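The values are calculated or read from the model by the stated rules, or taken from the named source; none is laboratory data. Only a predicted model underlies this, so the values are computations on that prediction, with no experimental measurement involved. All Cβ positions, glycine included, derive from the backbone under ideal geometry; neighbour counts span all protein chains shown. Note: areas computed on protein heavy atoms with side chains; ligands, DNA, RNA excluded. Shrake-Rupley method; radii C 1.70, N 1.55, O 1.52, S 1.80 Å.
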Amino acid sequence: MKDIRYAIFDMDGTLLDSMHIWDTAAGAFLMMRGIVPKEFDLFRKQGYKTGISYMIKEYKLDLSFDEVLDGLQEILWFYYSKIAPIKQGVKDFLNALRDNGTRMIVATATERKMARKALERNEILEFFDEVYSMHELGIHKNDPETFDFLAKKMNAEGEIYVFEDALYAVKSAKEYGCKVIGIEDYSNEDDREEIKEIADFYAENYEQIKEYFEI
């Protein structure tokens, strides 16, 4: 097995096949209130906070930001606690890394409580030293300094591998100096060729990743 001492995993679209919720949550929220949505991938395009503000203005919602947030949180909590599935091959790969002594963390935009619940339900939470929510920490993976923050949290001394499906995070991780494994997901179709150019390795599935690391 190739040497890999430290690993940072994204969650949605990387460990979990869960990006669909970010394309449907806003639409579901609106339809539950009798409103026909004009778009369904609002949060993936605009982000969570900006997306909520847009919804209130665009759909003339007689609701405060916090009221919309609470409603969306109910939808997201149900999804992450009951539905969000693990990607095929993830658990076997994480098992191999743990046997190798690799230290692993999760860095996700999803709220920590939801992320931990989804990882626990899929029986992979135990593999990670910590789960960090970028949203709650007020940082973003489009900033290379975020990976400096994560490296320090891991007390990393040496090369770090980052597993990511999002182009902006792939770019930032490479700029910081990490090795990057690009993960294919339906949500990154438009950016796929650029991810392939930047990442150290691009994988359509975890079987290919296992082969890359000689597992």
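Excluding ligands, DNA and RNA, the accessible surface per residue across the chain is 49 Å² with a 1.4 Å probe.
Rounded if a/c is under 1.5, else prolate if a/b beats b/c, else oblate: with a ≥ b ≥ c from the C-alpha gyration tensor eigenvalues square-rooted, which is region 101-215? Rounded, since a/c falls under 1.5.
Within region 79-215, what whole-number % of the accessible surface is contributed by carbon and sulfur, with the 1.4 Å probe and all protein chains included in the calculation?
Heavy-atom surface of region 79-215 belonging to carbon and sulfur, 1.4 Å probe: 40 percent.
Per-residue 3J(HN,Hα) values for region 52-60, derived from phi via the Karplus relation 6.51 cos²θ - 1.76 cosθ + 1.60 with θ = phi - 60°, read 5, 4, 4, 4, 4, 6, 5, 9, 6 Hz in sequence order (x marks Gly and Pro).
For the chain, the Cβ-based charge dipole about the Cα centre amounts to some 540 debye (Lys, Arg positive; Asp, Glu negative; other atoms uncharged).
The Cα center of region 1-46 and the Cα center of region 117-134 differ in position by 17 Å. Each residue of region 63-68 is assigned a 3J(HN,Hα), and the resulting list reads 9, 7, 4, 5, 5, 5 Hz, derived from the Karplus form 6.51 cos²θ - 1.76 cosθ + 1.60 (θ = phi - 60°), x at Gly and Pro.
Here region 109-215 is treated with +1 on each Lys and Arg Cβ and -1 on each Asp and Glu Cβ, and its dipole about the Cα centre works out to around 500 debye. The charge dipole of region 27-90, taken about its Cα centre with unit charges on the Cβ atoms of Lys, Arg (+1), Asp and Glu (-1) only, comes to about 280 debye. Only helical DSSP H runs with n ≥ 4 go in: add -39500 (n - 2.57) per run for the chain, normalise by residue count and round the 222 nm mean residue ellipticity to 500 deg cm²/dmol. Computed mean residue ellipticity for the chain: -14000 deg cm²/dmol.
What is region 92-147 by shape, rounded, prolate or oblate, if you read a ≥ b ≥ c off the alpha carbon gyration tensor as root eigenvalues and call it rounded for a/c under 1.5, prolate for a/b larger than b/c, and oblate otherwise? Verdict is oblate for region 92-147. Nearest-5 percent of antiparallel DSSP beta bridges in the chain? Around 5 percent antiparallel, to the nearest 5. Phi angles across region 161-167 convert, under the Karplus curve 6.51 cos²θ - 1.76 cosθ + 1.60 with θ = phi - 60°, into 3J(HN,Hα) values of 9, 10, 10, 8, 10, 9, 4 Hz, Gly and Pro given as x.
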